[in-house]
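Input: a single structure, listed below in C-alpha cells.
The values are calculated or read from the model by the stated rules, or taken from the named source; none is laboratory data. These numbers were taken from a predicted model, which means no experiment stands behind them. Note that each Cβ is placed from the backbone with ideal geometry, even for glycine, and that neighbours are counted across all protein chains shown. To get the accessible areas, we keep the full protein, side chains included, count just its heavy atoms, and leave off ligands, DNA and RNA. Shrake-Rupley method; radii C 1.70, N 1.55, O 1.52, S 1.80 Å.
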Amino acid sequence: MKIIKKTVKWIVVAFFASTILSVVVLRFVPVVVTPLMVIRCVQQLKEGREVKLHHHWVPLGRMSEYLPEAVMASEDVRFLDHHGFDFNAIMSAAERNRKHPEKRKLGASTISQQTAKNVFLWPGRSWVRKGFESYFTVLIELFWSKQRIMEVYLNSIEMGDGIYGADAVATDHFLTTAAGLSRSQCALIAATLPNPRRFSSKNPSSYMLRRQQRILHEMRFVKKFPREGEDSK
C-alpha cells in the first residue's frame, strides 16, 4: 500500500512539474507542432491522401494589426478583460442550449481555452479533456501575457485543410504574408474559425461573406489590441 501511495505521489508531482515547466518554456519558445497537427497527418495517411502540413511561426508583430481584432470580434470579444473564462458567455450559452435543445449546442470557449486545447491537448468533448483544458487555461493565463496567448493562438490554430496559423493561410489563400492581410481578409479568416475545414476563406460561400460583414461591423467595437508591455485593459 505504501508503494502505491508513493508511486501515485510521484506521478502527481511529475505531472504538475512537467506541465508547469512546459508552459513556462513555451512562454518564450515558438510552438512548432501541436497534437492536432499530428492527428490530422495521421488521418490523411489513413485516408490515403498526401500529407499536408503548412505551418511556420511568425511573431505577433509581423501579423496584420487587424487579425487579433477580427478573432476577438468573432471568437472572444472580452478576451482582454477576462482571466481565461468568460462566465457571462458560459451562462448565456447554457441558457440558450437549455431553451433550444434541438439546435446545435452553443459553445463559450475563450481564445485562452482554445489555445490551451490546441497546444497541449487533443480534440474532443469529454469531461476529462475539458478538465485538462481548464487546468492549462489557468496556467497560460498565469504565466503568459495576453499578447503571448494571442501570438500562440494565431500561429497554431487550424485555418484550413492542413493549414495552421496566420502566415500559412495568408500564403495559401491570399498570396500574401500575415503582415500583408487586409482588414477584410482578416475578418474572412475569422469567419471560418468555427469549422475551418468546412468553411473556406479561399473560396468563401455566401454564408461566409455574410459572416465576414458581421465581423467587420463588430470589429468597430472591439478594443484595439495592445502591444507587448502595454496595458491590456
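List of remarks:
- For segment 184-194, Karplus couplings with θ = phi - 60° (6.51, -1.76, 1.60), whole Hz, Gly/Pro x: 5, 5, 4, 5, 5, 4, 4, 5, 8, 4, x
- Euclidean distance of C-alpha centroids, segment 156-178 and segment 23-69, integer Å: 10
- Charge-dipole axis of the chain as Lys and Arg at +1 and Asp and Glu at -1 on Cβ define it, positive-most pick from His55, Ser205, Gly180: Ser205
- As a length-normalised measure over Cα pairs under 8 Å and 6 or more apart, the relative contact order of segment 105-147 settles at 43 percent.
- Among Leu21, Tyr153, His217 - extreme Cα towards positive end, dipole of the chain, charges at beta-carbon: Leu21
- Once backbone amide H atoms are built at 1.01 Å from N, Ile163 has His54 as its partners under 5 Å, excluding neighbours fewer than 5 places away on the same chain.
- Segment 109-168 shape via C-alpha gyration tensor axes, a/c threshold 1.5: oblate
- Using Cβ point charges alone (K and R +1, D and E -1), the dipole size of the chain about the Cα centre works out to roughly 880 debye.
- In order through segment 197-209: 3J(HN,Hα) via Karplus (6.51 cos²θ - 1.76 cosθ + 1.60), integer Hz, x for Gly, Pro: 8, 8, 9, 10, 8, 7, 10, x, 7, 4, 5, 5, 5
- Degrees between helix 146-156 axis and first principal axis of the chain (Cα, 0 to 90, nearest 10): 80
- When each of Lys52/Lys224; Lys46/Lys146; Lys52/Lys117; Lys46/Lys117; Lys52/Lys130 is checked by Cα-Cα distance, pairs over 26 Å: Lys52/Lys224; Lys46/Lys146; Lys52/Lys130
- Gyration tensor (alpha-carbon) shape descriptor, segment 143-184, a/c threshold 1.5: oblate
- Protein heavy-atom accessible surface, 1.4 Å probe, per residue over the chain: 57 Å².
- Neighbour cut-off at most 15 other Cβ (10 Å), DSSP loop, trypsin sites (Lys or Arg not before Pro), segment 126-215: Arg197, Arg198, Lys202
- Base-10 log of normalised Debye intensity for segment 138-233 (one unit scatterer per alpha-carbon) at q = 0.23 Å⁻¹: -1.25
- Working from Cα pairs under 8 Å separated by at least six residues, relative contact order for the chain is 26 percent.
- Whole-percent carbon and sulfur share, accessible surface of the chain, 1.4 Å: 60
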